[in-house]
Amino acid sequence: MKPVLLDVQHLVTSFTSDSVKTVAVEDVSFQVHEGETVGIVGESGSGKSVTSMSVMRLIEAPSGKIESGTIMFNGRNLLELSEKEMQKVRGHEISMIFQEPTTSLNPTKLCGDQIAESIIIHQGKSKDEAHKMAVEMLRLVGIPLPEQRANEYPHQLSGGMRQRVMIAIALSCSPKLLIADEPTTALDVTIQAQILKLMRDLKEKMGMSIMLITHDLGVVAEMSEKVIVMYLGKIVEEAEVVELFKNPKHPYTMGLMKSIPTLETPKGKLYTIEGFIATADNKPSGCGFHPRCPYAMEICKTKTPEFTYLENGHRYACHLSEVK
Ligand code: SF4
């Protein structure tokens with residue numbers, strides 16, 4: 001196993017509105033090793049994006065606050081860095097790509113200039129050098145006619161091309177960790193497959209680690225070595241990808257897997273997990289999943305389940321582990 005690059009321990013992140021505090025991420029601990037892709041899955045409201053924003057220290061004060069925990073990255077606790085030091089980490093050592101390139105790219109700036117800007121800030125290159133490197137980045141992410149595309153605005157490119165530009169910006173400073181938050185959700189399936197392949201190839205070429213945030217277990221299966229399943233701000237299961245798909249233990253993970261359509265799924269009969277995820281300010285007592293869980297028992301309503309640890313780093317938090 002390669003060395004640990006990111007080590008998050010007991011992370012708690014909250015938001016306060018009208019004097020009411022809600023905990024969006026609760027006691028989250030996980031690691032990402034060098035060169036590893038870790039998929040973080042869960043529905044909207046599971047806390048996966050807040051976790052990644054916490055790692056980037058992009059939780060906006062005063063309403064948002066990282067309450068406690070440590071985020072060790074490459075030997076330093078990111079929570080102890082000044083904002084100036086953190087700015088150097090962002091974009092240079094950790095980069096992020098978002099779901100919607102249309103809103104993340106600046107519509108008034110040429111694509112090449114947007115990539116070059118990041119190279120100038122983080123690598124101190126001259127404008128000319130940065131422009132040449134930007135064209136090379138466009139070539140690397142598979143954009144045809146990169147010299148021409150560098151001089152075009154985002155609206156002149158297709159959705160898939162815009163996402164490639166986002167990836168080029170994120171990778172322009174060879175980060176050690178790429179956080180990709182739903183990077184293919186806004187794209188059609190063919191382009192999605194191309195972007196995922198591109199990310200896999202670039203990961204191999206550049207040797208970086210990836211934290212992949214998604215609601216889509218299919219994407220996780222294709223991309224990740226390890227999977228973390230989150231529900232209502234907590235990790236409920238974690239395992240190597242093959243182990244998780246072969247041997248899911250938490251009923252929420254099982255529900256997510258049953259929702260993946262297969263060739264055998266009868267037309268019009270897609271499985272869905274009953275009910276809705278609760279809001280962070282109205283969490284159920286005990287196990288947060290109990291109102292939706294087909295296996296819920298009395299104990300689940302009052303007692304929060306602890307983790308059970310199996311072999312190969314597989315862990316899950318469910319009272320079913322105590323049933324003989
Ligand atoms: Fe279901 Fe209980 Fe397990 Fe929660 S602890 S997932 S309610 S069986």
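Read-outs throughout are calculated quantities, based only on the coordinates presented, and are distinct from any laboratory measurement. Every value quoted in this text rests on a predicted model; they were computed, and no experiment measured them.
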Next on the checklist: List the residues, sorted by chain then number, that are 5 or more residues from Ile228 or on another chain and whose placed amide H is less than 5 Å from its amide H.
Outcome noted: Gly39, Ile40, Val41
Checklist entry - Do the alpha carbons of any pairs in Lys88/Lys234; Lys234/Lys283; Lys203/Lys226; Lys109/Lys176; Lys88/Lys197; Lys84/Lys109 sit beyond 19 Å of each other, and which pairs? => result Lys88/Lys234; Lys109/Lys176; Lys88/Lys197; Lys84/Lys109
Item to check | With Cα atoms, 0 to 90° folded angle of helix 127-140 axis to the chain main axis | outcome: 50
Checklist entry - Once the convex hull of the C-alpha atoms of the chain is built, how many Å³ does it hold per residue, rounded to a whole number? => result 156
Item to check | DSSP-defined beta bridges in the stretch 170-313 - what % are antiparallel, rounded to 5 | outcome: 55
Checklist entry - How much mean residue ellipticity at 222 nm does the chain get from its helices, if each DSSP H run of length 4 or more adds -39500 (n - 2.57) and you divide by all residues, to the nearest 500 deg cm²/dmol? => result -9000 deg cm²/dmol
Checklist entry - Counting DSSP beta bridges in the chain, what percent are antiparallel, to the nearest 5? => result 60
Checklist outcome for this item: Over the stretch 180-324, the quotient of the Cα radius of gyration and 2.2 N^0.38 Å is 1.15
Checklist entry - How large is ³J(HN,Hα), in whole Hz, for each residue of the stretch 83-89 in order, when computed from phi with the Karplus curve 6.51 cos²θ - 1.76 cosθ + 1.60 and θ = phi - 60°, using x for Gly and Pro? => result 4, 5, 5, 5, 4, 5, 5
Item to check | Distance histogram for the stretch 1-152 (every C-alpha pair counted, 10 angstrom bins, percent rounded to whole numbers) | outcome: 10, 31, 31, 22, 6, 0
Checklist outcome for this item: For the stretch 281-324, the Cα convex hull volume per residue in Å³ comes to 89
Checklist entry - How big is the gap, in Å, between the Cα center of the stretch 26-91 and the Cα center of the stretch 194-221? => result 19
Checklist entry - DSSP beta bridges in the stretch 1-155, what fraction antiparallel, as a percent rounded to 5? => result 95
Checklist entry - In degrees, nearest 10, range 0 to 90: what is the angle between the Cα axis of helix 189-206 and the longest Cα principal axis of the chain? => result 80
Checklist entry - Which angle between 0 and 90 degrees, to the nearest 10, do you get for helix 111-123 versus the longest principal axis of the chain when only C-alpha atoms count? => result 80
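For Glu240 and Ser29, calculate 0.36 nm times their separation in residues minus their Cα-Cα distance, and state this gained length in nm to one decimal.
74.4 nm
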Next on the checklist: Let me check the size of the stretch 1-86 from its C-alpha atoms; what are the radius of gyration and Dmax in Å?
Outcome noted: 13.4, 46
